[in-house]
Amino acid sequence: MTAPAAESPHAALEALRGEIGKAVVGQDAAVTGLVVALLCRGHVLLEGVPGVAKTLLIRTLATALELDTKRVQFTPDLMPSDVTGSLVYDTRTAEFSFQAGPVFTNLLLADEINRTPPKTQASLLEAMEERQVSVEGTPRPLPDPFMVAATQNPLEYEGTYPLPEAQLDRFLVKLILPLPSRDQEIDVLARHAAGFDPRDLATAGVRAVAGPGELASARAAVAKVAVSPEVTGYVVDLCRATRESPSLSLGASPRGAKALLSTARAWAWLSGREYVIPDDVKALALPTLRHRVRPRPEAEMEGVTADAVINGLLARVPVPR
């Protein structure tokens with residue numbers, strides 16, 4: 001399937017939302033977050049209970065963008081080589097050859113990443129940061145575009161290995177996939193009753209509306225979005241406020257400030273503007289910062305969440321005019 005020519009990269013990515021809606025009901029915020037991450041060359045942490053279409057969302061996104069995708073189910077016995085690949089001895093040639101792992105794709109769905117030991121979790125760090133994999137000292141570049149979409153279950157913590165702060169910081173955004181509303185759930189069941197098969201997206205009419213070329217052009221356009229010194233200062237003030245908050249034991253790092261600026265620029269471009277306004281920063285503050293901060297234990301006991309603290313800071317930090 002070849003992506004049809006679009007009027008512009010912006011039109012192509014606007015059409016993307018409607019195309020994903022053919023298979024995924026609701027989750028508009030998650031769709032937007034994934035598009036923002038692709039525009040920023042970032043990675044996504046998806047959190048939601050089982051059955052809210054996390055896997056279907058990634059598969060549909062890949063189909064609509066004509067990208068290759070692979071899924072890895074992370075388990076306690078998964079080894080790093082199961083993700084990155086390894087050298088395999090060929091008896092016919094008496095030589096070792098590299099057998100690529102599933103990380104060599106455009107969209108990697110790392111399912112339940114917190115169920116695998118830290119050693120295997122860490123095998124993704126080089127891929128996420130350097131866009132390459134080193135096996136036996138030889139670096140091998142990953143395809144472009146490349147994005148990791150990792151999922152984790154928010155309910156079951158027994159037998160899991162929570163991601164350390166250093167690895168959480170590598171994810172550009174953390175998206176929360178909520179349960180559908182009553183009307184949305186009725187729509188889901190009606191689609192299945194009418195014959196929708198989530199394993200065959202063609203039955204839903206999902207087609208490629210854009211491709212790597214449109215995505216590359218969109219990224220170049222996002223890089224030209226202007227940011228005033230006042231907005232830059234607002235981003236810094238927000239992130240510094242997280243470090244000074246008495247409710248948080250860990251605030252956003254300078255990498256977090258850089259991420260917030262990047263996501264705000266992407267959102268401004270998606271909104272049809274060539275410059276960033278404070279509302280763009282506000283719109284992306286929660287998904288960009290919620291996984292980079294940590295409430296103090298005593299605050300958590302009182303029901304304080306990372307989202308609540310960030311919302312409080314958004315209300316208090318002065319907004320430039």
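Residues that are assigned to a helix (DSSP H, G or I) and in contact with a Leu (Cβ under 8 Å, 6 or more places away or on another chain) within region 100-123 comprise Ile113, Asn114, Thr120, Gln121, listed in sequence order.
Candidates are the residues of region 61-75 that are in a loop (DSSP other than H, G, I, E, B) and among the hydrophobic types (A, V, I, L, M, F, W, C); the one that is nearest to Leu107 (Cα to Cα) is Leu67. On the stretch given as region 38-73, residues that are open to solvent by 20 Å² or more (accessible area, probe 1.4 Å), of a type in the set (Gly, Ala, Ser) and touching a residue at least 24 places away in the same chain (Cβ under 8 Å) total 1. Of the numbered criteria (1) within 29 Å of Asp68 (Cβ to Cβ); (2) at pLDDT 95 or above; (3) not β-branched (Val, Ile, Thr), the one Ala218 fails is (2).
With respect to Glu274, determine if the residue is out of contact with any Lys or Arg (no Cβ under 8 Å at 6 or more places or on another chain), open to solvent by 20 Å² or more (accessible area, probe 1.4 Å) and farther than 23 Å from Asp169 by Cα.
When the stated conditions are applied, Glu274 does not pass them.
With respect to Gly85, determine if the residue is closer than 19 Å to Ala204 by Cα, of a type in the set (Gly, Ala, Ser) and more than 16 Å from the chain's Cα centre (by Cα). No, not satisfied.
Condition (residue is closer than 30 Å to Asp68 by Cβ, without any contact (Cβ under 8 Å) to a residue 60 or more places away in the chain and outside any helix (DSSP H, G or I)) applied to region 231-251: is it met by at least one residue?
Applying the first criterion (closer than 30 Å to Asp68 by Cβ) to region 231-251 yields none.
For region 231-251, residues closer than 30 Å to Asp68 by Cβ, without any contact (Cβ under 8 Å) to a residue 60 or more places away in the chain and outside any helix (DSSP H, G or I): absent.
Being among the hydroxyl-bearing types (Ser, Thr, Tyr) and either under 20 Å from Val309 (Cβ atoms) or touching a residue at least 60 places away in the same chain (Cβ under 8 Å) (or both) is the filter here, so list the residues in region 259-296 that pass it. Within region 259-296, Ser262, Thr263, Thr288 qualify. Whether any residue in region 284-302 is in a helix (DSSP H, G or I), among the β-branched types (Val, Ile, Thr) and either touching a Phe, Trp or Tyr at 6+ places or on another chain (Cβ under 7 Å) or farther than 19 Å from Phe171 by Cβ (or both) is what I want to check. Looking through region 284-302, none of the residues is in a helix (DSSP H, G or I), among the β-branched types (Val, Ile, Thr) and either touching a Phe, Trp or Tyr at 6+ places or on another chain (Cβ under 7 Å) or farther than 19 Å from Phe171 by Cβ (or both). Going residue by residue through region 254-267, is there one that turns out to be open to solvent by less than 10 Å² (accessible area, probe 1.4 Å) and either of a type in the set (Asp, Glu) or assigned to a loop (DSSP other than H, G, I, E, B) (or both)? No, that holds for no residue.
Can you find a residue that is over 29 Å from Ala257 (Cβ atoms), at pLDDT below 90 and not in a helix (DSSP H, G or I) anywhere in region 182-194? For region 182-194, residues over 29 Å from Ala257 (Cβ atoms), at pLDDT below 90 and not in a helix (DSSP H, G or I): present. Which one is nearest to Phe146 (Cα to Cα) among residues in region 74-98 that are at pLDDT 85 or above and open to solvent by 60 Å² or more (accessible area, probe 1.4 Å)? Among those that are at pLDDT 85 or above and open to solvent by 60 Å² or more (accessible area, probe 1.4 Å), it is Asp82.
The values are calculated or read from the model by the stated rules, or taken from the named source; none is laboratory data. In this text, all values refer to a predicted model and were calculated from it rather than measured experimentally. Note that we place each Cβ from the backbone using ideal geometry, even for glycine, and neighbour counts take in every protein chain shown. Keep in mind that these areas ignore ligands, DNA and RNA; they rest on the heavy atoms of the full protein, side chains included. Shrake-Rupley method; radii C 1.70, N 1.55, O 1.52, S 1.80 Å.
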